[in-house]
Amino acid sequence: LMILFFKKKQIEDEDKITLVCSLLVHAARIDENYTEKEKKIILSALTQLYNKNEDELIKVLEQAEKLENQSNQILKFTKAVKDYDKNFRLKVLETMWKIIYSDGVSDIYESNLMRRLSSLLYISDRENGEIKKKLLVNLNL
């Protein structure tokens, strides 16, 4: 019985990684220009957030791309992120800003997405703004 419990828990964690990754993919695709640079940002963030090797994370990214493609519902993705502590959620939001600004600009759809996501992830507008401002300074934008 104990073995079944642990197996089930592992599967949930694997699913969570894919859902978190799907949210990042969604941010990358919202401007309809999903680039290699954005994929690298996603893989780099996942490496920091989870203790997995690159081959595992590439598989996760491939699954997440399929899942995001089939889903028009970001609530499922944000629900997985909300299960984590605030530092994790802030890191996910920061990663999404990196993805959005990887091409040097943020369009209206990207800005609206980020505003919506910060509230769905229980991050205040002020904190969201600070993350964005810090990133823009670091990118010299």
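Observations
- Contour excess over end-to-end distance, with Cα ends at GLU32 and LYS76 and 0.36 nm allotted per residue: 13.7 nm
- For region 18-49, GluC sites (Glu not before Pro) meeting the loop criterion (DSSP other than H, G, I, E, B) and having at most 10 other Cβ atoms within 10 Å: GLU32.
- Extension reserve of the ASP55-ASN87 stretch, reckoned as 0.36 nm per residue once the Cα distance is removed: 9.0 nm
- Comparing ILE42, ILE74, ILE99 in a Gaussian network model of the chain where C-alpha atoms under 10 Å apart are linked, the largest mean-square fluctuation is found at ILE74.
- The gain in end-to-end length when the THR47 to VAL105 segment is fully stretched comes to 18.4 nm, 0.36 nm per residue minus the alpha carbon separation.
- Cα gyration tensor, the chain - rounded (a/c under 1.5), prolate or oblate: prolate
- Over region 60-115, accessible surface divided per residue gives 53 Å², non-protein components excluded, 1.4 Å probe.
- Lysines with Cα under 16 Å of LYS66, excluding same-chain neighbours fewer than 8 positions away: LYS16, LYS39, LYS76
The values are calculated or read from the model by the stated rules, or taken from the named source; none is laboratory data. Note that the structure is a prediction, hence the values are computed from the model and not measured. All Cβ positions, glycine included, derive from the backbone under ideal geometry; neighbour counts span all protein chains shown. Accessible surface is based on the protein model in full, side chains and every heavy atom, while ligands, DNA and RNA are left aside. Shrake-Rupley method; radii C 1.70, N 1.55, O 1.52, S 1.80 Å.
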